[in-house]
Amino acid sequence: MTVRKAWIAAGVAVSSALAFVMLLAVGVYVVAGNLVNGVGGGSAKALAKGSVPAAYQALVQKWGNLCPAINPALLAAQLYQESGFNPKAQSHAAAQGIAQFIPGTWATHGIDGDGDGDRDVWDPADAIPSAAQYDCTLASYVKDVGGNLTENMLASYNAGAYAVIKYGGVPPYKETQNYVERIRALEESFAAPVGRVDPSRQAAGAIAFAQKKLGTLYLWGGNGTADQGGRFDCSGLTKAAYESVGITLPRVANDQYNAGPHPKRSELLPGDLVFFSDDLTNSRAIRHVGIYVGGGYMIDAPRTGAVIRFDPIDTPDYFGATRVTEDGAKALPTTV
């Protein structure tokens, strides 16, 4: 595999009463070639750290291995897309619970997942197993159709098994094709990487945007608009930084976590988003985000009364990181 490296050096002097000066070298790699994607069902796929709330992680891990068409990360992606892991979610179309079953589908496909004698759509211990069982039932309907079984199953979920059988695979419906693409992209953000993660090509531009905002006073809810004096909060800054290079992220930090796969601390590259939480088992509890610039530092908008600045990332509340991808960002639901 051929690897081309593009280096960007940024020298930053930060002065204080102690005349603390540091130089940060920012290296951004552009990688070409085939990387491990880890898609296509199967039990080998583990969940990324904290990507599923701790209360549901064991359920998703267990039932995500129910059949070859699904895996835990795929099941997690569906639950996030449907409800944002909210067991009390209810849509205008009467879809209910963490898996958003409509009453008719629940009546047919809901199961007693926890063996307590009832089938409760509002109970994740029933709804999560039912979602997995429903996926596997759909997969059984289209098992003889050519192409990728997982994608045919997802298409059946959206358009019905008859359409998949009729067209010999994912049908030519834009809504269905987009649904399949979204879930497959989200799947990567819930899976623990099993190989090198492709660096974002827009990372350098996002960093450059953030660097220009150094010294700007924090504003809670700030998006950098003129009426706000060009001020930001933490996720407003990261959203604007990536928007400057053509990638639209959701507004809040805990949703930005799902905008791509998650490199380990030792694998961080400049441009990765880094996250912080008081609950290290639950990405939905993330409360802060910054942009990694190398050398153990990030640019972030810390809090009211502070300015956008460089801060260290190696703190007790460090949760993890996300390497933003265009497909991952596009896949995120607008509301969860």
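The values are calculated or read from the model by the stated rules, or taken from the named source; none is laboratory data. Everything numeric here is computed off the predicted structure, so don't read it as measured data. For neighbour counting, all protein chains shown are included, and Cβ atoms are generated from backbone atoms with ideal geometry for every residue, glycine included. Side chains are part of the model used for accessible areas, which takes the heavy atoms of the whole protein and leaves out ligands, DNA and RNA. Shrake-Rupley method; radii C 1.70, N 1.55, O 1.52, S 1.80 Å.
When the stretch 235-252 is examined, which residues are found to be open to solvent by 10 Å² or more (accessible area, probe 1.4 Å), aliphatic (A, V, I, L, M) and assigned to a helix (DSSP H, G or I)?
Of everything in the stretch 235-252, just one residue is open to solvent by 10 Å² or more (accessible area, probe 1.4 Å), aliphatic (A, V, I, L, M) and assigned to a helix (DSSP H, G or I), namely Ala240.
Leu75 is checked against (1) touching a Ser or Thr at 6+ places or on another chain (Cβ under 7 Å); (2) modelled with pLDDT of 95 or more and fails just one. What number does that condition carry?
(1)
Provide a single number: the residues in the stretch 313-336 that are among the β-branched types (Val, Ile, Thr), in a loop (DSSP other than H, G, I, E, B) and touching a Leu at 6+ places or on another chain (Cβ under 9 Å). Let's see the steps before the verdict.
First, the residues of the stretch 313-336 that are among the β-branched types (Val, Ile, Thr): 313, 315, 322, 324-325, 334-336.
Keeping just the survivors that are in a loop (DSSP other than H, G, I, E, B) gives 313, 315, 324-325, 334-336.
Then keep just the ones that are touching a Leu at 6+ places or on another chain (Cβ under 9 Å); that gives 313, 324.
Number satisfying all stated conditions: 2.
Scan the stretch 192-219 for residues that are in a loop (DSSP other than H, G, I, E, B), of a type outside the set (Lys, Arg) and in contact with a strand residue (DSSP E or B) (Cβ under 7 Å, 6 or more places away or on another chain) and jot them down.
Scanning the stretch 192-219 gives Ala192, Asp198, Pro199, Leu214, Gly215, Thr216, Leu219.
Which residue out of Gly230, Gly221 is out of contact with any Asp or Glu (no Cβ under 9 Å at 6 or more places or on another chain) and not polar (S, T, N, Q)? Lay out the reasoning, then the answer.
Working: Gly221 fails: out of contact with any Asp or Glu (no Cβ under 9 Å at 6 or more places or on another chain).
Just one listed residue meets the conditions, Gly230.
Which residue out of Val142, Val121 is among the β-branched types (Val, Ile, Thr) and touching a strand residue (DSSP E or B) at 6+ places or on another chain (Cβ under 7 Å)?
Working: Val142 fails: touching a strand residue (DSSP E or B) at 6+ places or on another chain (Cβ under 7 Å).
None of the other options fit; the residue is Val121.
Every residue in the stretch 115-136 that is open to solvent by 30 Å² or more (accessible area, probe 1.4 Å) and either in contact with a Pro (Cβ under 8 Å, 6 or more places away or on another chain) or outside the structural domain of Asn65 (by the TED database) (or both), please.
Of the stretch 115-136, the ones open to solvent by 30 Å² or more (accessible area, probe 1.4 Å) are 115-120, 122-123, 133-134.
Trp122, Asp123, listed by residue number.
Given the criteria in a strand (DSSP E or B) and within 17 Å of the chain's Cα centre (by Cα), does Phe310 qualify?
Values: in a strand (DSSP E or B): yes; within 17 Å of the chain's Cα centre (by Cα): no.
Criteria not met by Phe310.
Taking Tyr157 as the residue in question, decide whether it is part of a helix (DSSP H, G or I), open to solvent by less than 40 Å² (accessible area, probe 1.4 Å) and either in the same structural domain as Gln78 (by the TED database) or within 23 Å of Asn65 (Cβ to Cβ) (or both). Let's see the steps before the verdict.
Working: part of a helix (DSSP H, G or I): yes; open to solvent by less than 40 Å² (accessible area, probe 1.4 Å): no; either in the same structural domain as Gln78 (by the TED database) or within 23 Å of Asn65 (Cβ to Cβ) (or both): yes.
For Tyr157, the condition - part of a helix (DSSP H, G or I), open to solvent by less than 40 Å² (accessible area, probe 1.4 Å) and either in the same structural domain as Gln78 (by the TED database) or within 23 Å of Asn65 (Cβ to Cβ) (or both) - is not met.
Looking only at the stretch 170-189, filter to residues that are crowded, with 16+ Cβ neighbours inside 10 Å and outside any helix (DSSP H, G or I); which one of those is farthest from the chain's Cα centre (by Cα)?
Only one residue fits best here, namely Pro171.
Can you give me the number of residues within the stretch 220-234 that are open to solvent by 10 Å² or more (accessible area, probe 1.4 Å), out of contact with any Leu (no Cβ under 7 Å at 6 or more places or on another chain) and either in contact (Cβ under 8 Å) with a residue 24 or more places away in the chain or part of a strand (DSSP E or B) (or both)? Don't jump to the end; show me each part of the working.
Here is the first cut: in the stretch 220-234, the ones open to solvent by 10 Å² or more (accessible area, probe 1.4 Å) are 220-221, 223-231, 233-234.
Within this subset, residues satisfying the condition of being out of contact with any Leu (no Cβ under 7 Å at 6 or more places or on another chain) are 220-221, 223-227, 229-230, 234.
Now narrow it down to the ones that are either in contact (Cβ under 8 Å) with a residue 24 or more places away in the chain or part of a strand (DSSP E or B) (or both): 220, 223, 234.
Here the count works out to 3.
Only one residue in Arg284, Arg265, Arg309 is open to solvent by 10 Å² or more (accessible area, probe 1.4 Å), basic (Lys, Arg), more than 25 Å from Ala191 (Cα to Cα) and in contact (Cβ under 8 Å) with a residue 24 or more places away in the chain, so which one is that? Full working, then the answer.
Working: Arg284 fails: more than 25 Å from Ala191 (Cα to Cα); Arg265 fails: more than 25 Å from Ala191 (Cα to Cα).
Matching residue, one of Arg284, Arg265, Arg309: Arg309.
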